[in-house]
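Have a look at the structure below before the remarks.
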């Protein structure tokens, strides 16, 4: 019985610890992440990554209406 209680407490501790991982806020698109990385490299006087290309206009897909 003691092993079961210990296992339950460890499992509970892991689930609480892992639920706090991550960052709260909106998701970054790859373009936004590349722009931010470039700005950060400029601030830190590091070599600049390549200039990110603007994303292509998102065309609707035929099945989008189902979602």
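Please treat every number below as a calculation from the coordinates, not as lab data. Just so we're clear, the structure is a prediction, and the values are computed from it rather than from any experiment. Cβ: placed from backbone, ideal geometry, glycine included. Neighbour counts: every protein chain shown.
What are the residues in segment 26-46 that are under 25 Å from residue 57 (Cβ atoms) and surrounded by fewer than 12 Cβ atoms within 10 Å (Cβ to Cβ), if any?
The answer is 26, 27, 29, 30, 39.
Could you count how many residues in segment 50-67 are surrounded by 10 or more Cβ atoms within 10 Å (Cβ to Cβ) and under 10 Å from residue 34 (Cα atoms)?
Count: 1.
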